[in-house]
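Single-structure report; data block below.
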Amino acid sequence: MNLSIEAKQLTKCYKGQKDEQFAIKNIDLQIPQGQLFGLIGPDGAGKTTTIRILATVMKPSSGYAKIEGFDVEHKPEGARAMIGYMPQEFSLYPDLSVIENLNFFADLQGVSVTHRKERIEELLAFIRLDRFRERRSEHLSGGMRKKLALACALMHEPRVLLLDEPTTGVDPVSRRELWQIIAEVLLQDVSVVVSTPYMDEAERCHKVGIINKGQILVTGSPIELGELLPYQMMEIIARPRRITREIINSTEGILSWRPVGDRIRMAVNDPDKVEKELLKSLKTAGGNIRVLRRTKPIMDDVFIHLVESSGDKDER
Ligand SMILES: Nc1ncnc2c1ncn2[C@@H]1O[C@H](COP(=O)(O)OP(=O)(O)O)[C@@H](O)[C@H]1O
Ligand SMILES: [Mg+2]
């Protein structure tokens with residue numbers, strides 16, 4: 001297989017961290033051309049550390065990574081020419097306008113003056129910011145800034161795009177737009193790594209690596225990961241809440257439960273049996289059930305299962 005991005009046993013201990021405390025440990029990645037790979041995990045999981053090493057910004061403590069065959073530590077110039085990198089923190093100049101920022105990045109990336117004008121127009125249309133070209137980036141909305149940073153990363157038509165939390169903290173509309181832009185980039189056979197703390201964004205990726213405390217717990221397509229659960233999921237909306245919870249706690253066959261928005265999600269082995277039990281107990285207690293049904297696993301369920309079954313002992 002022709003790998004666009006490869007990492008083997010990638011490990012990083014920051015200065016001052018003891019050996020047994022690592023930011024990331026033994027990360028393996030195999031990402032073929034044109035794949036959208038999601039690196040998904042909570043704050044502090046090691047997403048930024050991984051992406052910064054892939055982006056040649058930082059050296060690994062051990063292990064290696066290659067971008068289009070270039071080792072990021074030993075052939076960083078080769079790797080860099082292939083990479084578009086959008087850091088988690090803003091890389092834009094707040095007092096420069098949209099167009100000035102793009103020009104500045106074109107300079108940095110050595111895009112020729114003749115080609116530049118056309119490329120910038122193309123990108124402005126692509127990120128739908130033509131109308132805001134004169135606006136200083138400090139006056140753009142969060143979503144617009146992320147789009148502009150993405151355009152800057154795309155300036156030199158990279159083969160590999162590394163996006164560190166491109167959708168964090170942006171409104172839902174911009175979030176959807178950013179994913180649309182990423183989908184369009186993929187049509188050009190670019191390989192993309194995108195990190196996110198939002199489990200629901202896993203569904204948008206071809207393949208996902210779930211990362212927690214510096215280690216990848218599992219890699220697979222969203223469907224494969226959904227199939228990992230050794231139990232079924234159910235949800236219930238019922239009143240009164242306190243009684244519902246008490247009943248759930250005392251119903252046999254409910255392995256675990258947690259509130260999500262207005263409902264409670266439950267992990268069960270035998271949905272039919274649990275359904276009957278809950279109907280009976282809530283009726284007896286005078287409760288009122290609005291929703292009680294089986295439901296598909298979501299990424300959060302998978303994450304919780306993985307963390308619990310990995311014996312999360314807080315090693316760091
Ligand atoms: N410069 C640094 N020095 C020491 N520890 C760091 C540094 N940067 C990150 N870390 C630690 O490394 C771990 C991973 O951090 P990071 O890669 O930023 O995670 P994420 O991007 O998933 O939030 C965290 O425990 C964090 O505190
Ligand atoms: Mg981060």
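Quick rundown of the values:
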{"quantity": "Residue count, region 8-40 (criterion: assigned to a loop (DSSP other than H, G, I, E, B) and in contact with a helix residue (DSSP H, G or I) (Cβ under 6 Å, 6 or more places away or on another chain))", "calculated": "1"}
{"quantity": "Residues within region 45-76 that are touching a Phe, Trp or Tyr at 6+ places or on another chain (Cβ under 8 Å), assigned to a loop (DSSP other than H, G, I, E, B) and more than 16 Å from ligand 2 (Cβ to nearest atom), tallied", "calculated": "3"}
{"quantity": "Failed criterion for Met86 (all others in (1) modelled with pLDDT of 95 or more; (2) more than 16 Å from ligand 1 (Cβ to nearest atom); (3) of a type outside the set (Gly, Ala, Ser) hold)", "calculated": "(2)"}
{"quantity": "Pairs where the first residue, in region 9-25, is among the hydrophobic types (A, V, I, L, M, F, W, C) and the second is loosely packed, with under 13 Cβ neighbours inside 10 Å, C-beta under 6 Å, 6+ apart", "calculated": "Ala23/Tyr14"}
{"quantity": "So Lys207, is it of a type outside the set (Val, Ile, Thr), touching an Asp or Glu at 6+ places or on another chain (Cβ under 7 Å) and assigned by TED's automatic domain parsing to the domain that holds Asn103", "calculated": "no"}
{"quantity": "Candidate set from region 15-44 (those that are over 15 Å from the mean Cα position of the chain (by Cα), surrounded by 13 or more Cβ atoms within 10 Å (Cβ to Cβ) and small (Gly, Ala, Ser)); member that is nearest to ligand 2 (Cβ to nearest atom)", "calculated": "Ala23"}
{"quantity": "Residue satisfying condition, being exposed (fewer than 12 other Cβ atoms within 10 Å of the Cβ), modelled with pLDDT under 95, touching a strand residue (DSSP E or B) at 6+ places or on another chain (Cβ under 7 Å) and not assigned by TED's automatic domain parsing to the domain that holds Arg204, within set Asp301, Asp262", "calculated": "Asp262"}
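Yes/no per residue for (1) away from ligand 1 (no atom under 16 Å from the Cβ); (2) touching a helix residue (DSSP H, G or I) at 6+ places or on another chain (Cβ under 7 Å); (3) among the small types (Gly, Ala, Ser):
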position: Lys117; (1), (2), (3): yes, no, no
position: Leu123; (1), (2), (3): yes, yes, no
position: Phe132; (1), (2), (3): yes, yes, no
position: Glu138; (1), (2), (3): yes, no, no
position: Ala149; (1), (2), (3): yes, no, yes
position: Leu161; (1), (2), (3): yes, yes, no
position: Thr167; (1), (2), (3): no, yes, no
position: Asp171; (1), (2), (3): yes, yes, no
position: Trp179; (1), (2), (3): yes, yes, no
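A quick yes/no check of all residues on (1) in the same structural domain as Ala23 (by TED's automatic domain parsing); (2) in contact with a Pro (Cβ under 8 Å, 6 or more places away or on another chain); (3) touching a residue at least 60 places away in the same chain (Cβ under 8 Å); (4) surrounded by fewer than 21 Cβ atoms within 10 Å (Cβ to Cβ):
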| position | (1), (2), (3), (4) |
| --- | --- |
| Ser141 | yes, no, no, yes |
| Arg159 | yes, no, yes, yes |
| Leu186 | yes, no, yes, yes |
| Ser191 | yes, yes, yes, no |
| Ser195 | yes, no, yes, no |
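The values are calculated or read from the model by the stated rules, or taken from the named source; none is laboratory data. Computed from a prediction, not measured in an experiment: that's the story for all the values here. With ideal geometry, Cβ positions are generated from the backbone for all residues, glycine too; neighbour counts draw on all protein chains shown.
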